[in-house]
Every structure is written in structure tokens, then in C-alpha cells.
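Encoded as C-alpha cells, the structure appears first; notes follow it.
The values are calculated or read from the model by the stated rules, or taken from the named source; none is laboratory data. Nothing here was measured: the structure is a model prediction, and the numbers come from that model. Every residue, glycine as well, gets a Cβ built from its backbone with ideal geometry; the counts of neighbours run over all protein chains shown.
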Amino acid sequence: MPNPSLRPRRFDLIAFDWDGTLFDSTAIITRCIQRAVVDVGGQEPSKEAASYVIGLGLMQALAHAAPDVPVEKYPELGQRYRHHYMVHQNDIVLFDGVLPMLVELKLRHHWLTVATGKSRKGLNEALHDLDLKGVFDGSRTADETAGKPSPIMLHELMQEFGVDADRTLMIGDTTHDLQMALNAGCASVGVSYGAHEPDAFHDLKPKFIAHSVAELRQWLLENA
């Protein structure tokens, strides 16, 4: 079998979602959303409703998860979410196998980037704490561009690296990620181990649905 590292690249730019794709954070974020809504007097959203909004910008996500909370309480809602998240942020770790996969892709000279609903401050802190600054070549966050599924994050990354849409791949665990890729004219891969059930992925035409990091790594080495 040919060495995958010698194969021509199909994609020059690979953009990863953060929470639920690279990091095992879905359960913690879901619970933080639920607690924040209750803290400001709203009805606790179901696990499904809270996990559905993962990947969106914070205010967009909280507003969707807490339709009974008045707009004037959104700042407080955001503060309560951040409070609960800070308590648990050190519990969030990379999925097993993610770092070796990223190193392998880096050695194949892909540009590796992040397109996330996290804030710039939150992403920078995570990159610093986990010593991942040298792994990613670029990143965009919802608060500095637009929340998913707007294609702006991907458009800006493609422009930054001078890469066309047909040479760009988005990888994520939610329909928001895959819809963003579709809106940007890019290919996508879904992962089923994050926030959204993969049954909803098929209509968004991902190239592949990975059920583990090992499956994702193998597909990327053979097809990316």
C-alpha cells in the first residue's frame, strides 16, 4: 500500500470545529447552559435542546436554548454560563488520538485552522493552556466574524491562505458546521461523537461521517 504521506493532497486547508470535534466538552457545555438558564429564572432546557446550540455564538446559543428568558437578561445569562464554564474548564481534554492526528496532518503540509463558535478570548486561552499554538496556522471565532452557519469564518480563512473552496475541508460535530461548509461551497466531514446525532448530517452532504477519532484519522490520511 502506498505511503499516505506521499499522496497528492486533496485539500490544502482543513478547518476544525473545536468543542465536540477536537475536545471532549459536549457534556460539560450542555450542563453549563442548563444551569445558566435556571440561574436567571428560565425553565431548564432539555439535554437535547442545550446540546443542539453547541457551536453557535454564545448569545445566539443561549437565546435559542432559553426562549422564555427576556432579552434584557441575556447579558446576565451569558455571565452565568461563563461562570459555570470556568469552574469546569480544566475538566475539558482533547479526545484521545487528536493530537497525533493533527501532527500527522501537519507533516503532510496541510494548513490546519479552527472555525469555532467560541469567543476569541476563550479560544486563545484554550490554545495557550494546551500548548497547541504551533499546531494551527489560523483561526476564526464567532465573535470576530459571524456565528455558524454563516460562511464568513471559512471565507476569511480561505482568503487568508489563498485557498479555493474546492481545496478546503470543514470538520465538525454539528449540523451548524456542515451547513456552514455547504454555505461556503466547501467539502465537509461530520463526526458523530460530539453534540449532534449523525442522522441529521446526511442532508448536508458530508464526504464522510466518522464515529471515532481513529476513523477520522484514517479517512483523512487516505482521502485528504
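Of all residues in the stretch 185-220, those that are in contact with a Ser or Thr (Cβ under 8 Å, 6 or more places away or on another chain), more than 14 Å from L22 (Cα to Cα) and not in a loop (DSSP other than H, G, I, E, B) total 5.
Scanning the stretch 188-224 for residues that are hydroxyl-bearing (S, T, Y) and under 18 Å from L112 (Cα atoms) yields one hit, S188. Restricting the search to helices (runs of 4 or more DSSP H) fully inside the stretch 1-100 and requiring at least 2 residues that are of a type in the set (K, R) and either surrounded by 18 or more Cβ atoms within 10 Å (Cβ to Cβ) or modelled with pLDDT of 75 or more (or both) gives 26-39, 74-88.
Name the residues in the stretch 147-175 that are of a type in the set (G, A, S) and in contact with a Gly (Cβ under 8 Å, 6 or more places away or on another chain), would you? First the steps, then the outcome.
Step one: filter the stretch 147-175 for residues of a type in the set (G, A, S), giving 147, 150, 162, 165, 172.
Passing the criteria: G147, A165, G172.
Exactly one residue out of V103, V98, V189, V163 is within 14 Å of the chain's Cα centre (by Cα), assigned by TED's automatic domain parsing to the domain that holds F11 and over 27 Å from Q60 (Cα atoms): that is V98.
Looking only at residues in the stretch 197-224 that are among the charged types (D, E, K, R) and touching a residue at least 60 places away in the same chain (Cβ under 8 Å), the one that is surrounded by the fewest Cβ atoms within 10 Å (Cβ to Cβ) is E222.
Being in a strand (DSSP E or B), in the same structural domain as S188 (by TED's automatic domain parsing), of a type in the set (A, V, I, L, M, F, W, C) and within 17 Å of G55 (Cα to Cα) is a property that A126 lacks. The residue list V87, V135, V69, V103 contains one member that is closer than 14 Å to F23 by Cβ and aliphatic (A, V, I, L, M), which is V135.
Among the residues of the stretch 106-123, the ones that are over 12 Å from F23 (Cβ atoms) and either touching a residue at least 60 places away in the same chain (Cβ under 8 Å) or assigned by TED's automatic domain parsing to the domain that holds Q34 (or both) come to 10 in all.
Does the stretch 108-120 contain at least one residue that is surrounded by fewer than 20 Cβ atoms within 10 Å (Cβ to Cβ), small (G, A, S) and under 15 Å from the mean Cα position of the chain (by Cα)? Yes: one or more hits.
All of L182, L157, L169 fail the test of being in a helix (DSSP H, G or I), of a type outside the set (D, E, K, R) and more than 19 Å from Q60 (Cβ to Cβ), apart from L157.
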